[in-house]
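S.K.: Mind looking over this structure? Questions follow.
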Amino acid sequence: MDTTDIIKCPACGKEMEKVYIPSEGINIDICTNGCGGIFFDNREFDKFNEEHEDIELLKEKLHGKTFAQVDEDAIRICPACGGQMVKNTTSSNGEIVVDDCYICGGKFLDHCELDKIRAEYKSDQERKEATIDFLFNKVGYELKDMELKNTQAKAKRNLGQKLFYSILNLD
Ligand SMILES: [Zn+2]
Ligand SMILES: [Zn+2]
């Protein structure tokens, strides 16, 4: 997939908006006019290899908006490669589900899944820890691969974690 191509949201079918992350030189696809879902392609995750905090744009795009309801149980088709995405449960109570594409490494998070993570924990500290677990254990199968490779993998993982935490901590 050309990263400049507009893709359609796998949950609601609306065109996703490219949100440019200047520090990384990449676009992340966000369903700003539909359900609020976020799609990361494999290469996008792969580029989180340096320290950065520059995700204000991403937060702005999601902050304070009301998004369309979607059927979270529906099977999603990967917008990058057309493969069938696989649901992976991420929380202890099984409420939070992320869609993974095992063909191209794409990853989709529903907006309500982010909300659920935020709602599930009473304190910021609790949520932070849960979010870290979420990312480490469930979100990134490619992150597990990277662990095997080199120390750079750790830097990438930390940045992925930072990004996710920042997304969740919108206020
Ligand atoms: Zn959508
Ligand atoms: Zn795919």
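The values are calculated or read from the model by the stated rules, or taken from the named source; none is laboratory data. Owing to the predicted nature of the structure, the values given are computational and were not obtained by experimental measurement. Cβ placement follows ideal geometry from the backbone for every residue including glycine, while neighbour counts extend to all protein chains displayed.
S.K.: Modelled with pLDDT of 90 or more and either among the aliphatic types (A, V, I, L, M) or in contact with a Gly (Cβ under 8 Å, 6 or more places away or on another chain) (or both): is that true of residue 96 in this structure? Walk me through it before giving the result.
M.R.: Values: modelled with pLDDT of 90 or more: no; either among the aliphatic types (A, V, I, L, M) or in contact with a Gly (Cβ under 8 Å, 6 or more places away or on another chain) (or both): yes.
The answer is no for residue 96.
S.K.: Of all residues in the stretch 53-82, which are away from ligand 1 (no atom under 16 Å from the Cβ), surrounded by 15 or more Cβ atoms within 10 Å (Cβ to Cβ) and either assigned to a loop (DSSP other than H, G, I, E, B) or at pLDDT 85 or above (or both)? Spell out how you get there, then give the answer.
M.R.: As a first pass, look at the stretch 53-82 and keep what is away from ligand 1 (no atom under 16 Å from the Cβ): 53-57, 59-60, 63-64, 81-82.
Subset that is surrounded by 15 or more Cβ atoms within 10 Å (Cβ to Cβ): 55, 59, 81.
Matches in the stretch 53-82: 55, 81.
S.K.: Any residue at all in the stretch 128-135 that is among the acidic types (Asp, Glu), within 21 Å of residue 32 (Cα to Cα) and either modelled with pLDDT of 60 or more or within 16 Å of ligand 1 (Cβ to nearest atom) (or both)?
M.R.: no
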